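Shown next, in structure tokens, is the structure this report addresses.
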Amino acid sequence: MCGIVGFWGQTNNNIERVIEKMSDKLTPRGPDAYGRWLKKDIGLAFGHRRLSIIDISQTGSQPMISKNNRYVLSFNGEIYNHLEIRKKYFRSHSFISHCDTETLIESVCKLGIRQTLNIIDGMFSFVIFDNKNNKVYLARDRVGEKPLYYTKINHLNNSYFLISSEIKSFNQYPEFNNEINTDAISYLLKYKYIPSPMTIYKNVFKLRQG
């Protein structure tokens with residue numbers, strides 16, 4: 001289990017401090033290490049709390065940058081078939097780690113995001129930035145075992161997009177509005193759970209599985 005957070009938007013707040021505070025709330029998910037990546041010219045930041053399992057060395061640290069420097073990945077979960085993917089698609093590729101994170105990001109480089117999602121088998125959620133096309137992609141496993149939440153904040157004619165493995169991280173952003181979603185409360189009382197994409201907060205959503 002690891003924890004991922006992300007922020008995108010131009011703001012007067014110190015995004016290094018914001019992403020650190022958001023990540024700190026996820027320390028129980030990833031007590032082994034903290035990492036962050038920033039692209040200040042567009043106001044983009046990723047944070048990661050790591051629980052080291054498959055590869056405990058520093059070569060598996062996140063957020064991870066692809067070998068060709070095009071993609072940046074913050075990943076939570078496990079890709080069960082990552083060694084099979086290496087054997088099938090990367091016979092002449094030189095990996096620097098034994099971790100599935102590197103397999104995932106290099107697969108995106110070689111095959112693209114859509115095909116990579118078609119071939120990976122595992123439990124996961126991740127955010128990945130395409131530096132060439134200036135796009136951010138979110139993904140979650142088919143069953144929805146690994147959580148991922150997002151919210152959009154509008155403040156003083158500016159918009160901010162935040163993501164996290166847990167909702168509580170959003171409270172670390174100064175302009176976050178934690179207004180309760182009364183419709184979600186109704187579902188909770190009736191069915192004992194809140195269906196996707198709703199959450200307890202009015203403007204926070206769960207990324208749908210698959």
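Take the residues in the stretch 143-169 that are more than 17 Å from residue 44 (Cβ to Cβ) and in a helix (DSSP H, G or I), then tell me which one is least open to solvent (accessible area, probe 1.4 Å). Top of the filtered list is 167.
Being of a type outside the set (D, E, K, R), in contact with a Pro (Cβ under 9 Å, 6 or more places away or on another chain) and more than 30 Å from residue 159 (Cβ to Cβ) is true of residue 51. Of the helices (runs of 4 or more DSSP H) lying entirely inside the stretch 59-136, those containing at least 3 residues that are among the polar types (S, T, N, Q) span 100-111, 113-119.
Looking at 128, 85, can you tell me which residue is more than 28 Å from residue 196 (Cα to Cα) and either modelled with pLDDT of 95 or more or touching a Ser or Thr at 6+ places or on another chain (Cβ under 8 Å) (or both)? Among 128, 85, only 85 is more than 28 Å from residue 196 (Cα to Cα) and either modelled with pLDDT of 95 or more or touching a Ser or Thr at 6+ places or on another chain (Cβ under 8 Å) (or both).
Taking the criterion of being out of contact with any helix residue (DSSP H, G or I) (no Cβ under 6 Å at 6 or more places or on another chain), free of Cβ contacts under 8 Å to residues at least 40 places away in the same chain and surrounded by 14 or more Cβ atoms within 10 Å (Cβ to Cβ), no residue of the stretch 125-138 qualifies.
Taking residue 40 as meeting all but one of (1) over 17 Å from the mean Cα position of the chain (by Cα); (2) at pLDDT 95 or above, write down the number of the exception. Result: residue 40 fails condition (2) only.
What number of residues in the stretch 34-56 are outside any loop (DSSP other than H, G, I, E, B), out of contact with any Asp or Glu (no Cβ under 6 Å at 6 or more places or on another chain), over 14 Å from residue 130 (Cβ atoms) and open to solvent by less than 30 Å² (accessible area, probe 1.4 Å)? Matching residues across the stretch 34-56 total 5. Within the stretch 170-210, the set of residues being under 20 Å from residue 44 (Cβ atoms), in a loop (DSSP other than H, G, I, E, B), at pLDDT below 95 and under 18 Å from the mean Cα position of the chain (by Cα) comprises 173 only. Of the residues making up the stretch 57-79, just one is among the hydroxyl-bearing types (Ser, Thr, Tyr) and exposed (fewer than 14 other Cβ atoms within 10 Å of the Cβ), namely 57. Do we have residue 59 as touching an Asp or Glu at 6+ places or on another chain (Cβ under 9 Å), more than 12 Å from residue 173 (Cβ to Cβ) and of a type in the set (Val, Ile, Thr) here? The answer is yes for residue 59.
The residue that is farthest from residue 65 (Cα to Cα), counting only those in the stretch 85-113 that are touching a residue at least 24 places away in the same chain (Cβ under 8 Å) and open to solvent by 60 Å² or more (accessible area, probe 1.4 Å), is 98. If I filter the stretch 6-24 for residues that are in contact (Cβ under 8 Å) with a residue 40 or more places away in the chain, among the basic types (Lys, Arg) and either outside any helix (DSSP H, G or I) or within 22 Å of residue 96 (Cβ to Cβ) (or both), do I get at least one hit? There is no residue in the stretch 6-24 that is in contact (Cβ under 8 Å) with a residue 40 or more places away in the chain, among the basic types (Lys, Arg) and either outside any helix (DSSP H, G or I) or within 22 Å of residue 96 (Cβ to Cβ) (or both). Residue check: is residue 122 in contact with a strand residue (DSSP E or B) (Cβ under 7 Å, 6 or more places away or on another chain), open to solvent by less than 40 Å² (accessible area, probe 1.4 Å) and more than 14 Å from residue 4 (Cβ to Cβ)? When the stated conditions are applied, residue 122 passes them.
The values are calculated or read from the model by the stated rules, or taken from the named source; none is laboratory data. Owing to the predicted nature of the structure, the values given are computational and were not obtained by experimental measurement. With ideal geometry, Cβ positions are generated from the backbone for all residues, glycine too; neighbour counts draw on all protein chains shown. The area values use the complete protein model at the heavy-atom level, side chains included, leaving out ligands, DNA and RNA. Shrake-Rupley method; radii C 1.70, N 1.55, O 1.52, S 1.80 Å.
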